[in-house]
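Q: Here it is, the structure, as structure tokens.
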Amino acid sequence: MPNADSQDFQAELEGHRIAVAETFQRLTGELATSSPGAELDAVRTLLTESEQRETRLVERIATKTIEHQALRARGELERYRLQLQIAELEKLLALRDTEMRRLKSVLEALMSEHAECSRNLRAAAAAPELEAELQQLKVQLDRSELEAAQLRREIEGSFALKLARSVPWLLGPLRALIGKRTQAPGGGS
């Protein structure tokens, strides 16, 4: 596909060919009316110049065609390189997608662990309240044990308990006496 320069050169070459053809026809017409030797040299000079111009234009067209082909080849190489780079980037993107999915699952696991830690932290925050309640219960237990010990001392020190404990001691000899009287013959009452 020729570029703008190549088309310009083609148009310029065609313009020169037309100009040479017109000049040749004009000179040929003048040659018929004038001296053939001088005119013939002028025509040959013009033909040589036009051939040289045409040769230069053809060379320029060939040069531009070569440059165009080189640019086209460079463009093809660049396109191929870019296609390889795109394929490589697509592979990298696929790897990153896989890595992101893996990291997402790890992140979800960490988030669930964080939620559980938060629940445990809330429970631990409530634990001081429970611990305070436990401390209160321990204090109450200590008070109850002290009261029980005091009541035990009071009970053990009470007159009624001493009397109740001494009853068997007092009653033992009385029983023995009563037991002897009931066994004695003819005992009287």
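What follows is calculated from the coordinates using simple rules that are stated; it is not laboratory data. As the structure is a computational prediction, the values presented were derived from the model and not from experiment. Neighbour counts are summed over all protein chains in view; Cβ atoms, including those assigned to glycine, are modelled from backbone coordinates with ideal geometry.
Q: Which order do Phe24, Phe9 fall in if you start with the one that has the fewest other Cβ atoms within 10 Å?
A: Phe24, Phe9
Q: Can you compute 3J(HN,Hα) from phi for each residue in region 132-148, using the Karplus curve 6.51 cos²θ - 1.76 cosθ + 1.60 with θ = phi - 60°, rounded to whole Hz and x for Gly and Pro?
A: Per-residue couplings from phi come out as 5, 5, 5, 4, 4, 5, 5, 4, 5, 4, 4, 4, 4, 5, 5, 4, 4 Hz.
Q: At what distance in nm do the modelled label points of Arg56 and Ala148 sit from each other, each positioned 7 Å from its Cα along Cα→Cβ?
A: 12.8
Q: Compare Ala176, Ala132, Ala94 in a GNM of the chain, Cα atoms joined below 10 Å, and give the one with the largest fluctuation.
A: Top of the fluctuation ranking is Ala176.
Q: Now for a separate question. Where is the GNM fluctuation largest for the chain (alpha-carbon springs, 10 angstrom cutoff): Leu107, Leu13, Leu171?
A: Leu171
Q: Any idea how far apart Leu141 and Lys104 come out in nm if each label point goes 7 Å out from Cα toward Cβ?
A: 5.3
Q: With θ set to phi - 60° and the Karplus curve 6.51 cos²θ - 1.76 cosθ + 1.60, what are the ³J(HN,Hα) couplings of region 90-106 in order, to the nearest whole Hz, using x for Gly and Pro?
A: For region 90-106, the Karplus curve yields 5, 4, 4, 5, 4, 5, 5, 4, 4, 4, 5, 4, 5, 5, 5, 5, 5 Hz.
Q: Can you give the FRET efficiency to the nearest 0.05 for Ala160 and Gln183, using r as the Cβ-Cβ distance and R₀ = 41 Å?
A: 0.75
Q: Could you compute the FRET efficiency for Glu76 and Gln25, with r as their C-beta to C-beta distance and R0 at 30 Å, rounded to 0.05?
A: With a Förster radius of 30 Å, E is 0.05.
Q: Further question: Cα axis of helix 159-183 to longest principal axis of the chain: angle in degrees, 0 to 90, nearest 10?
A: That works out to roughly 40 degrees.
Q: With an 8 Å cut-off on Cα pairs and a minimum separation of 6 or more residues, tell me the relative contact order of the chain in percent.
A: Working: 33 pairs, mean separation 35.7, N = 189.
Across the chain, relative contact order equals 19 percent.
Q: At R0 = 25 Å, how high is the FRET efficiency between Leu46 and Gln7 if r is their beta carbon distance? Nearest 0.05 is fine.
A: 0.40
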